[in-house]
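Here's the structure, in structure tokens; my notes come after.
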Amino acid sequence: METVGNLNLAIIAASIGLRFASIIMNLILAYKYWVSEFYAFSAWTVGSIVVSMVITSLIYIHISKASISIQKRILDQGVFLNVVLAYLFRDGYAFYYTRKLKNIKEAGDREGEIILYQKLISEECNVGFIRLFDSFLESAPQKILQLVIVLWSMNDLSYFRLATFVVYFSSIAWGIQSYNRSNRLVQFDKRDIESKGRLIQFAFLLCLTTSRTLCIACLASLFPKATLVVCAAHVFVCVCIIFAVDSPTIADSRLMNCLYCACFGIVYLFIFTSVKDTPTKYKYVFYLSFCSFENIVACVLFFSLHISIFIIALYIFGIVLIIIYYWTCHPSISLSTFPFTL
């Protein structure tokens with residue numbers, strides 16, 4: 001078990017504060033678009049917020065209901081309160097468990113510490129999972145819109161907006177990495193990733209998501225409606241493959257399971273992350289080949305040379321880092337596991 005202390009509490013508290021700050025900033029941005037009479041931009045921003053809020057709250061509730069220790073909490077609070085808590089205060093229980101775990105550790109209750117630690121990493125895994133969807137259902141559409149505005153007029157590229165892009169792409173990579181790590185920690189038969197591996201993993205996630213987002217934004221700046229159709233087709237193909245190959249289930253409702261697959265389909269516009277805990281070597285090969293083909297076609301047909309080189313080179317560099325990561329840094333489950341198995 002990892003040591004839990006004041007730093008953990010501070011990080012979770014900061015995450016709660018940043019959650020509220022991001023919601024307020026998004027609403028202010030939507031209001032500014034509205035006042036400037038960019039009604040379509042305002043509707044796009046508000047729509048991404050509302051859709052993300054509804055979908056992630058529903059998924060969070062169904063995932064939490066699967067845990068026996070959380071079922072009573074879900075049932076006692078009611079649907080409305082669960083939706084509010086899932087959207088606004090989803091880090092609240094992690095903060096509560098961390099503070100309580102710190103007190104139990106100081107009291108020397110080893111058995112209680114183990115039980116509470118299991119609850120904590122399970123909650124962090126669930127929250128990280130929902131944060132993953134947040135990133136691509138809410139943040140990604142808004143950042144693509146802002147990139148399109150900048151591509152239409154470079155005069156709109158301020159230092160503040162450039163800083164927001166840097167923060168966004170970094171937080172996307174960090175969020176995916178945090179989810180992957182917490183997902184490993186909650187499975188006690190898996191080893192944690194060492195610091196070197198985390199650094200390389202962060203780097204290739206940053207390269208791949210940045211390249212894909214830039215490619216979609218550049219295409220949208222030229223052909224907005226066609227880009228929406230192409231992205232919808234990509235999502236549809238991914239959803240069909242996920243449903244046929246992985247058949248994930250988070251609820252008895254077929255509609256909820258389809259919604260779950262659809263969310264992963266949207267994530268797969270930008271990055272691959274495994275739906276189930278199964279070997280992913282061939283899935284990575286297929287996904288990266290497919291996305292590389294899409295990037296190359298878009299770059300060759302529509303983009304300028306310097307933008308094309310940057311997008312393709314960044315994606316290829318990300319693939320190289322993936323190979324390095326799985327060759328040298330990925331922890332195996334057991335000594336008998338083949339070292340190149342993903």
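Let me confirm something: among ILE149, ILE176, which residue is of a type in the set (Val, Ile, Thr), open to solvent by less than 30 Å² (accessible area, probe 1.4 Å) and either within 21 Å of the chain's Cα centre (by Cα) or at pLDDT below 70 (or both)?
Answer to the selection: ILE176.
Go through segment 255-286 and give me each residue that's at pLDDT below 75 and open to solvent by 50 Å² or more (accessible area, probe 1.4 Å).
Selection gives LYS276, ASP277, THR278, PRO279.
From the set of residues in segment 206-247 that are of a type in the set (D, E, K, R) and in a helix (DSSP H, G or I), which is most open to solvent (accessible area, probe 1.4 Å)?
Taking the candidates together, the pick is LYS225.
For VAL54, work out the one condition from (1) at pLDDT below 85; (2) surrounded by 15 or more Cβ atoms within 10 Å (Cβ to Cβ) it doesn't fulfil.
Only one criterion is unmet by VAL54, namely (2).
Would you confirm whether or not segment 322-329 contains a residue that is open to solvent by less than 80 Å² (accessible area, probe 1.4 Å), assigned to a loop (DSSP other than H, G, I, E, B), within 23 Å of ASN180 (Cα to Cα) and modelled with pLDDT under 90?
So far as segment 322-329 goes, yes, one or more of its residues are open to solvent by less than 80 Å² (accessible area, probe 1.4 Å), assigned to a loop (DSSP other than H, G, I, E, B), within 23 Å of ASN180 (Cα to Cα) and modelled with pLDDT under 90.
Could you list all residues from segment 254-282 that are free of Cβ contacts under 8 Å to residues at least 24 places away in the same chain and over 22 Å from ASP134 (Cβ atoms)?
ARG254, TYR282
Only one residue in VAL83, VAL46 is assigned to a helix (DSSP H, G or I), modelled with pLDDT of 80 or more and farther than 25 Å from ARG181 by Cβ. Which one?
Result: VAL46 is the single residue among VAL83, VAL46 that is assigned to a helix (DSSP H, G or I), modelled with pLDDT of 80 or more and farther than 25 Å from ARG181 by Cβ.
Which residues, taken from segment 95-128, are surrounded by 20 or more Cβ atoms within 10 Å (Cβ to Cβ) and aromatic (Phe, Trp, Tyr)?
Selection gives TYR97 alone.
Which of the numbered conditions does ALA140 fail, given that it passes all the others? Conditions: (1) surrounded by 19 or more Cβ atoms within 10 Å (Cβ to Cβ); (2) at pLDDT below 80; (3) of a type in the set (Gly, Ala, Ser).
Only one criterion is unmet by ALA140, namely (2).
The values are calculated or read from the model by the stated rules, or taken from the named source; none is laboratory data. Being a predicted model, the structure only gives us computed values, none of them experimental. Heads up, the Cβs are rebuilt from the backbone with ideal geometry, glycines too, and the neighbour counts pull from every protein chain shown. Calculation scope for accessible area: heavy atoms of the full protein, side chains included, ligands and nucleic acids excluded. Shrake-Rupley method; radii C 1.70, N 1.55, O 1.52, S 1.80 Å.
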